[in-house]
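Notes follow once the structure below has been shown.
The numbers here are math on the coordinates, done by the rules we state, and not lab data. From a predicted model like this one, the values you see are computed outputs, not experimental measurements. When we count neighbours, we look across all protein chains shown, and the Cβ atoms used for this are built from the backbone with ideal geometry, even at glycine.
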Amino acid sequence: MTPREAVKQIKTRLLPVSDEAETEARIILAHAAGLDRARIFLSEKTLDAGTLAAVDEMVKRRLSGEPLQYILGEWSFMGLDFIVGPAALIPRQDTETLCNEALRLIKERWYKTLLDICTGTGCVAISLNKLSGISTEASDISPACVRLARENVLKNGAEATVREADLFFGASRYDIVTANPPYINDEDMTHLPEEVKREPALALAGGRDGLDLYRRIAADAAAHILPGGALVMEVGMGEADAVRALFPGRETRTVKDLNGIERVVSIDF
Ligand code: GLN
């Protein structure tokens, strides 16, 4: 079987579970064959049995509902590669909106210190550290996420301290705090897409109205952000105004993601 024939076959098998079967098929073949994704069709060479067995194994996992990212064990975000696993939310393109807004503020305002809470894989903290050089700390309540984020710091050659904490910790104050907290409301948690069900509920469930974590962050933020600093958070669809209302009297902004959804709220301190 040639790479082209294999992709066609994988695609057909994935159609029942994926809207992007062709793309996923190419990614799976490239991963199993150790080929560059953009170059899989350059060779007409017959694939060896080991590659086909690896493909079959990956397709079976995917058909059982596992997200492609967990099967690959790695995913790219902000142009960097991150180790991913079921302990943490998979880095999503939506969250690049959060990073870009934070980068804008870091550059315009010469911010020097960052804390990223609910860090998960560490993708936000690590991207911002690598792309701006800002002094970076991160926290997560889950010990498994702390381990994963530390692995990702090493993998990317970033400089960031990651600690286990329930949001803020200690008495330090920062120029900028970023967060992609769990924000899915109880009702939506009951009908998540199959792949999202494989991600940790701890990273998704935001309580009855989805805003539990924002309330806790709003209560403590001023004690941990320097005057002139900012808090930049990802929010769920339709939550931006309610999140902004948690910070009365402060300057707030909303930023839309690439789909035109209000995705990021930033608050000046
Ligand atoms: N964007 C994720 C989803 O809709 C949720 C992420 C989060 O709760 N922070 O699946």
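Positive end of the dipole of the chain (Cβ unit charges, origin at the Cα centre): among Val146, Phe41, Ala125, the Cα lying farthest that way belongs to Phe41.
With the simple model of a label 7 Å out from the Cα in the direction of the Cβ, His191 to Asp220 spans 3.5 nm. Cβ-to-Cβ counts within 10 Å put Met58, Met233 in ascending order as Met58, Met233, the fewest first. Pairs exceeding a 19 Å alpha-carbon distance, out of Lys155/Lys256; Lys155/Lys197; Lys130/Lys155; Lys8/Lys60; Lys8/Lys197: Lys155/Lys256; Lys155/Lys197; Lys8/Lys197. For the pair Ala144 and Glu22 in one chain, pulling the backbone fully straight at 0.36 nm per residue adds 40.6 nm over the alpha carbon distance. Where both bridge residues fall in the chain, DSSP classifies roughly 40% of the beta bridges as antiparallel. Stretching Arg250 away from Ser64 to a fully extended chain increases their span by 62.3 nm, per 0.36 nm per residue minus the current alpha-carbon distance.
When Thr161, Thr178, Thr95 are sorted by how many other C-beta atoms sit within 10 angstrom of their C-beta, beginning with the fewest, the order is Thr161, Thr95, Thr178.
Normalising the Debye intensity of the stretch 1-123 to I(0), with uniform scatterers on Cα atoms only, and taking log10 at q = 0.19, 0.20, 0.23 Å⁻¹ returns -1.02, -1.10, -1.33.
Of the trypsin sites (Lys or Arg not before Pro) found in the stretch 31-105, the ones in coil according to DSSP and having at most 10 other Cβ atoms within 10 Å of their Cβ are Lys45. Computed from the Kirkwood radius of its Cα pairs, the Stokes-Einstein diffusion coefficient for the chain at 20 °C and 1.002 mPa s stands at 109 µm²/s.
What's the percent breakdown of Cα-Cα distances in the stretch 52-133 across 5 Å bins, shortest bin first? For the stretch 52-133, the binned pair fractions read 3, 14, 23, 19, 14, 10, 7, 5, 3, 2, 0 percent. Near Lys112, which aspartates and glutamates are there with a Cα under 18 Å away, not counting those fewer than 8 places off in the same chain? Output for Lys112: Glu101, Glu137, Glu159, Asp175, Asp268. Two tests apply to each whole DSSP H helix in the chain, Cα reach of 20 Å or more along its axis and mean Kyte-Doolittle hydropathy of at least 0.0, and the ones passing both are 49-63. Applying both filters, DSSP loop and at most 12 other Cβ atoms within 10 Å, to the trypsin sites (Lys or Arg not before Pro) of the stretch 181-228 gives Arg208. The charge dipole of the chain, taken about its Cα centre with unit charges on the Cβ of Lys, Arg, Asp and Glu (plus for the first two, minus for the last two), comes to roughly 540 debye. The region of the chain that goes longest without hitting one of the GluC sites (Glu not before Pro) in a DSSP loop, each with at most 15 other Cβ atoms within 10 Å, is 45-158. Note on the stretch 57-151: with charges restricted to the Cβ of Lys and Arg (+1) and Asp and Glu (-1), its dipole about the Cα centre is near 80 debye.
If you run the Gaussian network model on the chain, springs between alpha carbon atoms under 10 Å, then out of Ile83, Ile27, Ile117 the most flexible one is Ile27.
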